[in-house]
Amino acid sequence: MTSLLLLAVLQSVSPTVRPSDAIGFEPGTDSMLADWKQVSGYMNALAQGSPYVRVDTLGRTTEGRPFLLLTITSPANQGRLADIKRGQALLADPRRLTAADLEDLRAKQPAVILISNNIHSTEVASSQMGMTLAYRLATDPEWRRLLDSVVVLMIPSMNPDGLDTVVSWYRRYKGTRYEGGPLPWLYHKYIGHDNNRDWFMLTQVETRLVTRMLYKEWFPEIVYDVHQMGSNGVRLFVPPFQDPVNPNLDPALVEAMSLVGTQMAASLYDAGMTGIAHQQTYDLWWHGGFRSTPTRHNMVGILTEAASTRLGSPITLSVDSVRQPGPGVNYPAPWPGGTWHLGDIVRYELITSQALVRLAARDRINVIDRFVGVGRRAVEDGLAGNPFAYVLPPEQRDPEAWTTLANVLAAGGVEVWRAAESFTADGQTYAAGSLVVPMGQPYRAHAKDLLEAQHYTPVADRPPYDVAGWTLPFTMGVRADAVNTPFSANLVKVDSVTPTPGRIEGSGEIFFLKNRTNAESRAVAALLAAGQTVTIVGDSLMVRGPRARAILSDHAARHGFTVTAVRTAPAGGQGATRQRLPRIGLYQPWTGNIDEGWTRWLFEQYGISYTTLHDGDVKKGGLRQRFDVIVLSDADGSAILRGVDSSRIPLQYAGGMGESGANAVSEFVRGGGTLVCLDGSSNFAITHLNLPVVNVLAGEASGPQVLRFYAPGSIFGVRLGRVERAGSPVTLGVPDSLDIYFENSAAFTVSAPARALATYPDRPLRSGYARFQERLAGKAALVEAPVGSGRVILFGFRPQFRGQTHGTFKLLFNTVLLAAP
Ligand SMILES: [Zn+2]
C-alpha cells in the first residue's frame, strides 16, 4: 500500500513528459529531426516518469553510442518481467512446455511484440515516431488498457550512429540546394544499408545485440520492422507479401503476416488514410533481413514501407506523377497526390503500430497458441527427417570457417551439439568432435534454410526481392552433410565452438604454411607487419627465425592451423619474396559504397592495414610512390568516373575520380602497382587500361529482359585449373574447385597476356537462381592481366560478399598480401 501511494505521489509531482517538452518540437514537424541524444534522452526521461516504460541499454553501437531497448507494458507486468521472459522461453520451446505450463501461460502471459525503428537511417520518420508511440502507450487511457495483455518491446533506432550521421547532414545543408539530398558516406560505419542484410551472419555489433535479445532473452511472437521506400509510389506497403514463399516458412506464419498487415490497412482506411498497398515488391523468399529471420524462428515477421520525404523536408507530387496500381483488393483507395510531410509518415506509422498492439492484446491467446503450434510442427517435421540432421565433421580445410558457421547458428538460437565419440549415420562414420545440428528443434527452419541449397523459382518472371541463394556451407567452404536416417550418438550441447588449437610440428627455425585457411592470411599479415620475410615455395609459404616462431605459434594456437618446422630449406622451388606489408590503398568513392565498407571491415578483421583513398587523393597522381596495391570495390564503372552530380551533392563530394583519376590509376599499374577490381569495377579497368578482356555479361543490360542472363544473388561453382593458375600467388592454397558469390556480376573472355585463374563449368549454379546459366560455361570468373610492369586482378564476383563468403576471402587476401610487386 505504501509503495502504491508513493508511486501516486511521484506521478503527481513529475507528470509524464511529452516529446515536444523534451525536444522542443512535435515529432514529425517539417524540417525538424531529433538526433540520438534527443531521442534517447526523451526515452530515458519517459521511463523515469512513467511506470509503464522501462529502458535498457543492450550494449554499445559500433561507434560507441548506447543501444536502447524499451519495454512498455502495464505496471503489473513491469513488476514480473523475469517471469514473463521465463514464460516466453517456455513457449518458444514446446519440448519443455508441459500441458500445465501452457494452460497457466494461456491464462496470464501477455503477448510479446517488438517494434523496431529506423534500421535504415535515411528512413528517418520512425525514429521520430517512436517517441510519440511510447508517450501515447504510457499515457493514453485507450492505449494503456491494452498493456495488461501485451508487452511492447521497442528499439527506438536500430542504428543510432546512422541516425546522428543523417540528422547532422540534414541540419548542415538545410536551407541550401542540397537539403534532404544524398550523403557522401555510409550511415553505418562499415555496412551502410546492408545492416539489414546481416541477420544470419551477425557480423556487426548491432545485429548481435538484437539477435541475443530476440532468440535468447525475449522470444517475441511478432516482430515489426518499420521502413520507408522511394517517394513516388504508393504511400504505404503493408503485407500480404508477394510470392514466392520460402518452403521453410510455416503456413500459419504466412497467414498471420497477412492478418497483421490487413489489420493495419483496415485501421488506416478507418482513419481516412489512402494509398495503402499489398503484394508489392516484397516477397517471402529471402533470408537475412530483420523481417525474414524471425520468421525462421516461428515468429510473425512483418515490415511496412512508407513513401519517403526528403529526410525532414516535404515533397509535393501531382496525382499523375505518383506510380500507383489500379484500384482493387490490393489497393482499395489511391492517394490523391499533394504535399507529403514527415508528419504524414509518422501518422501512418502510429496507426500501424497501434493496430499491431491492439491485435496482439485482443488476440493474445491465439498469438500464444500459434507460436507454440509452429514450434511444435518444426520439432515434429525435423524428427520425421528429410533431413534428420546436419553433420559438420571436424576434418575441414579451414577449421575457423567451420567453427564460425557453427557459432553463427548457435548465436541465432540453433542447438548445436558436439559428438563425444565417433558415430555412424547414413552409412558414414563421423569422428568424435563432429558437430551435429539436429532438425528436431524449434529453430529448424533457420538452420535448414542456411544449410541447404536454395532452388528459387520466379513467379510471373519477377526477380526475387533480394538475393536468391545463401547456403552457408557453400559460401564458407565448409562440409556439412545432410543425414536423412535417424541415428544415435553421444552428443554434448555447445554454446560456442573454437577451433582445436593448432601448433608448430617438427623442429627447426624454418616454417612452412600451407596457406589453406583464412587464419593463415591473418598470420601472414602479422608476419609482414613485423618485418618478417615471407617467401613462396611451391604451394607453400616459408618464413624463418624466432620472431616468426613466436607469431606463428600464437596464431596457430588461437585459430587452429598447423605449421611445419624444418631445419634446412629445400633447394630450389623458391618464388616471390615479400619483406613487408604491402602499402594498400582502398578507394572510397563519395557515393556511400557498401562493398567498400565490407572490404574495409574484412581487412580490419584480419589485421590487414590499409589507407583510404578519396577522389582527391587519386587525382593527385603519384600513386605508385605511395602504394603497392589499390583496391576498387564493386561499383559501376561510370560511378567511379563521374560519382554524384554536383546538382545533388556539395561540390567537394561531386564528380568521381574523373579522367585525371583514371589516368593516375593507369599510371600506377604501368609503373608496377597491383590494381584489384571487385566485380563491377572490373569494367572500369577493362576500359581504362585497355585490357585484353571482355565482360561478356556487360551487354546483357540491354535487350528484352526475358532473354537476358540473370542471376540476382546466387552461388556458382568455379574451377581453378592446375596449369592455368600455376605461378600465380592469387590462388595459392585455394582448392581446385570452389563456390563463389555472384550478384548480377561479371564473366570474362580473355586473350594473352591476360589469363583466367578460375573458369565456370557447363552448369555452374549451386544455389539460388540463374537464367541461361549455360552462358557462363568456359568463361572466366577471375583474371590476372599484366599491364606495363604491374598487373590487374579482376574479380568477376564478390569475394567478400556481405562478410559471408569465407570460402573466397583467401583469394582477396592473397591478392593484397602476396600479389603486390
Ligand atoms: Zn529500409
The number of residues in the stretch 293-341 that are within 16 Å of the ligand (Cβ to nearest atom) and part of a loop (DSSP other than H, G, I, E, B) is 4
Those residues of the stretch 619-643 that are part of a strand (DSSP E or B) and over 24 Å from the mean Cα position of the chain (by Cα) come to a total of 2
When every residue in the stretch 219-244 that is away from the ligand (no atom under 16 Å from the Cβ) and in a strand (DSSP E or B) is compared, the one most open to solvent (accessible area, probe 1.4 Å) is ASP243
Reported set for the stretch 332-385 where residues are under 20 Å from ARG145 (Cα atoms) and of a type in the set (A, V, I, L, M, F, W, C) is LEU350, ILE351, ALA355, LEU356, VAL357, LEU359, ALA360, ALA361, ILE365, VAL367, ILE368
Pairs returned, first residue in the stretch 87-109 that is touching a residue at least 60 places away in the same chain (Cβ under 8 Å), second residue that is surrounded by 13 or more Cβ atoms within 10 Å (Cβ to Cβ) and aromatic (Phe, Trp, Tyr), beta-carbon separation under 7 angstrom, 6 or more apart or interchain, are GLN88/TRP218; GLN88/PHE219; ALA89/PHE219; LEU91/PHE219; LEU91/PHE371; ALA92/PHE219
Checked against (1) more than 27 Å from GLY288 (Cβ to Cβ); (2) touching a Phe, Trp or Tyr at 6+ places or on another chain (Cβ under 6 Å); (3) at pLDDT below 95, ARG771 satisfies every condition except (1)
Counting only residues in the stretch 424-444 that are hydrophobic (A, V, I, L, M, F, W, C) and either at pLDDT below 95 or open to solvent by less than 10 Å² (accessible area, probe 1.4 Å) (or both), the one farthest from PHE388 (Cα to Cα) is identified as LEU435
A careful count of residues in the stretch 120-155 that are within 16 Å of the ligand (Cβ to nearest atom) and over 16 Å from THR16 (Cβ atoms) gives 11
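Yes or no, residue by residue, for (1) part of a loop (DSSP other than H, G, I, E, B); (2) within 30 Å of PHE684 (Cα to Cα); (3) in contact with a strand residue (DSSP E or B) (Cβ under 8 Å, 6 or more places away or on another chain); (4) among the basic types (Lys, Arg):
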site: ALA556; (1), (2), (3), (4): no, no, yes, no
site: GLY572; (1), (2), (3), (4): yes, no, no, no
site: PRO582; (1), (2), (3), (4): yes, yes, yes, no
site: THR599; (1), (2), (3), (4): no, yes, yes, no
site: PHE603; (1), (2), (3), (4): no, yes, yes, no
site: SER609; (1), (2), (3), (4): yes, yes, yes, no
With the first residue restricted to the stretch 611-623 and required to be within 15 Å of GLY655 (Cα to Cα), and the second required to be in a loop (DSSP other than H, G, I, E, B) and open to solvent by less than 10 Å² (accessible area, probe 1.4 Å), Cβ contacts under 6 Å at 6 or more apart or on different chains are ASP615/MET657; VAL618/MET657
Inside the stretch 642-697, the number of residues satisfying the requirement of being over 30 Å from TYR170 (Cα atoms), open to solvent by 10 Å² or more (accessible area, probe 1.4 Å) and among the polar types (S, T, N, Q) is 7
Picking from GLY162, GLY180, GLY175, the residue that is out of contact with any Gly (no Cβ under 9 Å at 6 or more places or on another chain) and more than 30 Å from ALA361 (Cα to Cα) would be GLY175
In the set VAL787, VAL723, VAL718, the lone residue that is at pLDDT 95 or above and out of contact with any helix residue (DSSP H, G or I) (no Cβ under 8 Å at 6 or more places or on another chain) is VAL718
| query | Looking at LEU253, is it touching a residue at least 12 places away in the same chain (Cβ under 8 Å), away from the ligand (no atom under 16 Å from the Cβ) and touching a helix residue (DSSP H, G or I) at 6+ places or on another chain (Cβ under 6 Å)? | reply | yes
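Conditions (1) crowded, with 19+ Cβ neighbours inside 10 Å; (2) within 30 Å of ARG766 (Cα to Cα); (3) not charged (D, E, K, R), marked per residue:
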site: ASN484; (1), (2), (3): no, yes, yes
site: VAL524; (1), (2), (3): yes, no, yes
site: VAL566; (1), (2), (3): no, no, yes
site: GLN574; (1), (2), (3): no, no, yes
Q) Does GLY289 meet the test of being within 16 Å of the ligand (Cβ to nearest atom), at pLDDT 95 or above and not hydroxyl-bearing (Ser, Thr, Tyr)? A) yes
Out of (1) more than 16 Å from the ligand (Cβ to nearest atom); (2) assigned to a strand (DSSP E or B); (3) surrounded by 21 or more Cβ atoms within 10 Å (Cβ to Cβ); (4) of a type in the set (Gly, Ala, Ser), the one GLY59 does not meet is (3)
Per the filter on the stretch 134-173, residues surrounded by fewer than 19 Cβ atoms within 10 Å (Cβ to Cβ) and within 34 Å of the chain's Cα centre (by Cα) are ARG136, SER168, ARG171, ARG172, TYR173
Exactly one of VAL467, VAL497, VAL492 is more than 30 Å from PHE241 (Cβ to Cβ) and open to solvent by less than 20 Å² (accessible area, probe 1.4 Å), and that residue is VAL497
Considering the stretch 81-119, residues that are touching a helix residue (DSSP H, G or I) at 6+ places or on another chain (Cβ under 7 Å) and within 16 Å of the ligand (Cβ to nearest atom), and then whichever is farthest from VAL346 (Cα to Cα), we arrive at ILE119
Within the stretch 174-202, residues being away from the ligand (no atom under 16 Å from the Cβ) and open to solvent by less than 30 Å² (accessible area, probe 1.4 Å) number 7
Looking at the stretch 449-457, is at least one residue modelled with pLDDT under 95 and part of a loop (DSSP other than H, G, I, E, B)?
yes
Of (1) at positive phi; (2) touching a residue at least 60 places away in the same chain (Cβ under 8 Å), GLY440 satisfies every one except (1)
Query raised in the report: Looking at the stretch 734-746, is at least one residue surrounded by fewer than 18 Cβ atoms within 10 Å (Cβ to Cβ), under 31 Å from the mean Cα position of the chain (by Cα) and without any contact (Cβ under 8 Å) to a residue 24 or more places away in the chain?
Result: yes
Self-check item: THR262 being more than 16 Å from the ligand (Cβ to nearest atom), surrounded by fewer than 24 Cβ atoms within 10 Å (Cβ to Cβ) and assigned to a loop (DSSP other than H, G, I, E, B)
Solution: no
Mind checking whether some residue in the stretch 700-711 is closer than 17 Å to LEU794 by Cβ and buried (at least 24 other Cβ atoms within 10 Å of the Cβ)?
no
Item to complete: State whether one or more residues within the stretch 351-360 are assigned to a helix (DSSP H, G or I), within 16 Å of the ligand (Cβ to nearest atom) and either basic (Lys, Arg) or surrounded by 22 or more Cβ atoms within 10 Å (Cβ to Cβ) (or both).
Response: yes
Residues in the stretch 464-493 that are more than 25 Å from the chain's Cα centre (by Cα) and of a type in the set (A, V, I, L, M, F, W, C) total 6
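The values are calculated or read from the model by the stated rules, or taken from the named source; none is laboratory data. What you see is a predicted model; the values in this text were computed from it and never measured. Here Cβ is always computed from backbone atoms with ideal geometry, including for glycine, and neighbour counts include all displayed protein chains. These area figures cover heavy atoms from the full protein model, side chains too; ligands, DNA and RNA do not enter into them. Shrake-Rupley method; radii C 1.70, N 1.55, O 1.52, S 1.80 Å.
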